[in-house]
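First up is the structure itself, then whatever we jot down about it.
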């Protein structure tokens, strides 16, 4: 399945390593160092404010969507897949 993370970007849910709240960036020097090292594979999707950071195996995305919104979307897709699996039995 795919997760819409902002603008017109979809990522495979299997590729998502972490969805982080932007506040973590301000409070964690380790996270800041990690993101600095990943600057060459970073995409800024937020035109105004960044609300979350989506880390995949190949890319880091600064998303305009809240981490809670992205979590809900991924859970909804998981439930949908479970429902389809049950119906196919």
Ratio of Rg to Rh for the chain, alpha carbon only, Kirkwood?
-> 1.04
Please give the helix 67-87 orientation as an angle from the longest Cα principal axis of the chain, in degrees from 0 to 90, rounded to the nearest 10.
-> 20
Could you work out the helix-only [θ] at 222 nm for the chain, with each DSSP H run of four or more residues adding -39,500 (n - 2.57) and the total divided by the number of residues, to the nearest 500 deg cm²/dmol?
-> -12500 deg cm²/dmol
Length-normalised contact order of the chain in % [C-alpha pairs under 8 Å, at least 6 apart] | 30
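Every number in this text was worked out from the coordinates using simple rules, so none of it is lab data. Being a predicted model, the structure only gives us computed values, none of them experimental.
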